[in-house]
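Student: Below is one structure. I have some questions about it.
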Amino acid sequence: MRKLSRRGILAWSAAIIVLSPLLRWASYILEAPKGWVPYQIFDYTWNSADGLACGALLAVCLREFAPRRSAFGKAVAGLFVIALALMPLGVHSKHTASGAALQVVPWNILFVALIGAGLLASSGRAKPMRWPFLEFFGEISYGLYLYHLLVFRGFEWLLNTDAIRRLKIDLLLGLSIRFVLCGSIAVGIAWFSRRCIEEPFLRLKARLAP
């Protein structure tokens, strides 16, 4: 990536977006007959790189072409329409080859549109993306991504070992309590990680980055 021009990054990103569904399809065709669980297809970077490539494509397009706000707004609206039109693919089961290959495609497009909408909103007068609440979650987002499953799975383990008393309550209420409790713990861990682990490493960039 360091040696590629912006146009080169655009080309590689587009190629990855096209190839990733094909790789997922091939993975399913080759491994499903052996009893491989289809959702494991997404555990491998090369089978989920199109989401990353979509983000790169958006970032480089904005830098390379610097579109006017009105033109960018039309592009974002177009992406929303495309995502909604393709959404039937997004509800396919991963237990089919086409579902494994295409299920995330409309979601990737939708999230690019949502990021674009956020950028448009942030360039207006209100600037909602600068609200302290959202800036806080933006800062801890990577740690939250890393740690949240550990917390939720730890909670499930405690339930399965009867370390936590199972209450006879409504299923929706139970799920809500689980979400609030585990989510709060995960946010706390992510905040600690940001302050005590990530930021010291980020400060090294000024000395180590060329």
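Student: Could you please let me know if Ser48 is in contact with a Gly (Cβ under 9 Å, 6 or more places away or on another chain) and closer than 28 Å to Leu119 by Cα?
Tutor: Spelling it out, it is not the case that Ser48 is in contact with a Gly (Cβ under 9 Å, 6 or more places away or on another chain) and closer than 28 Å to Leu119 by Cα.
Student: Among helices (runs of 4 or more DSSP H) lying entirely in the range 109-210, which contain 3 or more residues that are under 30 Å from Asp50 (Cβ atoms) and not aliphatic (A, V, I, L, M)?
Tutor: Helices (runs of 4 or more DSSP H) meeting the threshold: 132-160, 171-193.
Student: Hey, Lys94 hits all of (1) buried (at least 16 other Cβ atoms within 10 Å of the Cβ); (2) part of a helix (DSSP H, G or I) but one; which does it fall short on?
Tutor: Among (1) buried (at least 16 other Cβ atoms within 10 Å of the Cβ); (2) part of a helix (DSSP H, G or I), the lone unmet condition for Lys94 is (2).
Student: Quick one: which residue in Leu57, Leu62 is assigned to a helix (DSSP H, G or I), closer than 19 Å to Ala15 by Cβ and touching a residue at least 40 places away in the same chain (Cβ under 8 Å)?
Tutor: Leu57
Student: Something else about it: Filter the range 1-52 down to residues that are surrounded by 12 or more Cβ atoms within 10 Å (Cβ to Cβ) and farther than 25 Å from Leu110 by Cα, then give me how many there are.
Tutor: 5
Student: Could you tell me which residue of the range 116-142 is surrounded by the most Cβ atoms within 10 Å (Cβ to Cβ), considering only residues that are in contact with a Ser or Thr (Cβ under 8 Å, 6 or more places away or on another chain) and at pLDDT below 95?
Tutor: Only one residue tops the list, namely Met129.
The values are calculated or read from the model by the stated rules, or taken from the named source; none is laboratory data. Please read these numbers as outputs of a predicted model, since none were measured by experiment. Backbone-built Cβ (ideal geometry, glycine too); neighbour counts: all protein chains shown.
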